[in-house]
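Visitor: Take a look at this one; I'll ask things after.
Each value in this text was obtained by applying a stated rule to the coordinates, not by laboratory testing. For clarity, every value in this text was computed on a predicted model and none was experimentally measured. Backbone-built Cβ (ideal geometry, glycine too); neighbour counts: all protein chains shown.
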Amino acid sequence: MNFKEQIDTNRLPKHIAIIMDGNGRWAKERGKMRVFGHENGVAAVRNTAEAAAEIGIEFVTLYAFSTENWKRPQKEVDALMNLLVKTINKETETLNKNKIRLKAIGDLKSLKKETYAELLTAMENTSANNRMTMTLALSYSSRWEIVEAVKQIAEKTKNGELEPQAITSETITQHLSTNYMPDPELLIRTSGEQRISNYLLWQIAYSELYFCPKYWPDFEKEDFYKAIVDFQTRERRFGKTSEQITK
Ligand code: FPP
């Protein structure tokens, strides 16, 4: 039985976040430039989006470019930005066909002008789609996002809109760029690295973590489904005892 058939569709995670890692190593193993790995990572993005939509996942959030990635060689940064423009442009039709809404989180204004413009157009053109939301984290880091939220909240307390005593965990959640989605129940990272790398730190407080040894360009639908099957074997206790959960 393949992994897809093993999934209990009544207990699907609503939101799966993914750290797409290993493009560079995948390319190096083939004696190619790192960019070759990113180019081949696009197919894995497509497979994942299709796989998720097919079984009814509502939110998929992909770490495509971190704040720290700006420190990479300029040539790689430029190639990644161009690849994003090309891919977003090319894939909009497929997104619409599959009723997938495209969103983005991160310091989007820091992106290359063409990338930002392409992104805005694609988000607008897919905004009515309601089968699944695919969010790209671009020029994103969780600490950056939390600082931005704190600034907004501080501003509101300063002008009397919000009492400091009224600030709750929900207030923070509402001021994060992810405020339109539930917290991810499952976080997948490829390439065998077992780190969070400044990704959705607040949101993954109770997420199940799944590490796939494959490099991102090799990540296939069945790998995605395998992660969900694994997720469904876990007991999510949220701090309670096992007996309290199963009662
Ligand atoms: C991590 O591998 C991957 C990235 C920083 C970029 C991810 C981008 C894509 C898959 C291209 C297109 C994406 C979309 C959403 C259209 P790495 O370079 O850190 O690999 P390494 O750890 O082996 O060096």
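Visitor: Under the condition of being near the ligand (Cβ under 9 Å from one of its atoms) and more than 13 Å from the chain's Cα centre (by Cα), which residue from the stretch 44-72 is farthest from N198 (Cα to Cα)?
Guide: R46
Visitor: So, one more: So in the stretch 63-77, with the set limited to residues that are surrounded by fewer than 19 Cβ atoms within 10 Å (Cβ to Cβ) and among the hydrophobic types (A, V, I, L, M, F, W, C), which one is farthest from F36 (Cα to Cα)?
Guide: W70
Visitor: Shifting gears a bit: Take the conditions surrounded by fewer than 20 Cβ atoms within 10 Å (Cβ to Cβ) and of a type outside the set (G, A, S) and apply them to E145. Does it pass? Working first, answer last.
Guide: Numbers: surrounded by fewer than 20 Cβ atoms within 10 Å (Cβ to Cβ): no; of a type outside the set (G, A, S): yes.
Judged against the criteria, E145 is not a match.
Visitor: Follow-up question, since we're still on this one. Mind telling me which of the residues K97, K90, K109, K113 ends up being without any contact (Cβ under 8 Å) to a residue 12 or more places away in the chain and within 12 Å of the ligand (Cβ to nearest atom)?
Guide: Details: K97 fails: within 12 Å of the ligand (Cβ to nearest atom); K109 fails: within 12 Å of the ligand (Cβ to nearest atom); K113 fails: within 12 Å of the ligand (Cβ to nearest atom).
The conditions single out K90.
Visitor: Which of the residues belonging to the stretch 228-247 are in a helix (DSSP H, G or I) and in contact with a strand residue (DSSP E or B) (Cβ under 9 Å, 6 or more places away or on another chain)?
Guide: Of the stretch 228-247, the ones in a helix (DSSP H, G or I) are 228-232, 242-246.
I228, D230, F231 - these are the residues of the stretch 228-247 that are in a helix (DSSP H, G or I) and in contact with a strand residue (DSSP E or B) (Cβ under 9 Å, 6 or more places away or on another chain).
Visitor: Against the condition in contact (Cβ under 8 Å) with a residue 24 or more places away in the chain and surrounded by fewer than 15 Cβ atoms within 10 Å (Cβ to Cβ), how does N130 come out, does it pass?
Guide: Values: in contact (Cβ under 8 Å) with a residue 24 or more places away in the chain: yes; surrounded by fewer than 15 Cβ atoms within 10 Å (Cβ to Cβ): yes.
So N130 passes the test.
Visitor: Moving on. Out of the stretch 189-227, which residues are assigned to a loop (DSSP other than H, G, I, E, B), of a type in the set (A, V, I, L, M) and touching a Leu at 6+ places or on another chain (Cβ under 9 Å)?
Guide: So the first thing to find is which residues in the stretch 189-227 are assigned to a loop (DSSP other than H, G, I, E, B), and the list is 190-207, 212-215, 219-220.
Pick out the ones that are also of a type in the set (A, V, I, L, M) and you get 196, 200-201, 204-205.
Within the stretch 189-227, I196, L200, I204 qualify.
Visitor: Can I ask one more? Determine, yes or no, whether R25 is among the charged types (D, E, K, R) and either touching a Phe, Trp or Tyr at 6+ places or on another chain (Cβ under 9 Å) or part of a loop (DSSP other than H, G, I, E, B) (or both).
Guide: Values: among the charged types (D, E, K, R): yes; either touching a Phe, Trp or Tyr at 6+ places or on another chain (Cβ under 9 Å) or part of a loop (DSSP other than H, G, I, E, B) (or both): yes.
Yes: the conditions hold for R25.
Visitor: So if I check each of N198, N179, which one is within 16 Å of the ligand (Cβ to nearest atom), farther than 20 Å from F231 by Cβ and touching a helix residue (DSSP H, G or I) at 6+ places or on another chain (Cβ under 7 Å)?
Guide: Working: N179 fails: within 16 Å of the ligand (Cβ to nearest atom).
Only one candidate passes the filter, namely N198.
Visitor: What pairs can you find where one residue is in the stretch 149-165 and surrounded by 12 or more Cβ atoms within 10 Å (Cβ to Cβ), the other is among the charged types (D, E, K, R), and their Cβ atoms are less than 8 Å apart, with a gap of 6+ or different chains?
Guide: T157/E163; L162/K156
Visitor: For the stretch 43-62, give me each residue that is polar (S, T, N, Q) and buried (at least 23 other Cβ atoms within 10 Å of the Cβ).
Guide: To start, the set of residues in the stretch 43-62 that are polar (S, T, N, Q) comprises 47-48, 61.
Listed by number, the residues that qualify are T48, T61.
Visitor: In addition: Step by step: first the residues of the stretch 12-28, then only those that are more than 10 Å from the ligand (Cβ to nearest atom) and not β-branched (V, I, T), then the one that is farthest from G56 (Cα to Cα). Which residue is that?
Guide: Filtering the stretch 12-28 for residues that are more than 10 Å from the ligand (Cβ to nearest atom) and not β-branched (V, I, T), the one farthest from G56 (Cα to Cα) comes out as A17.
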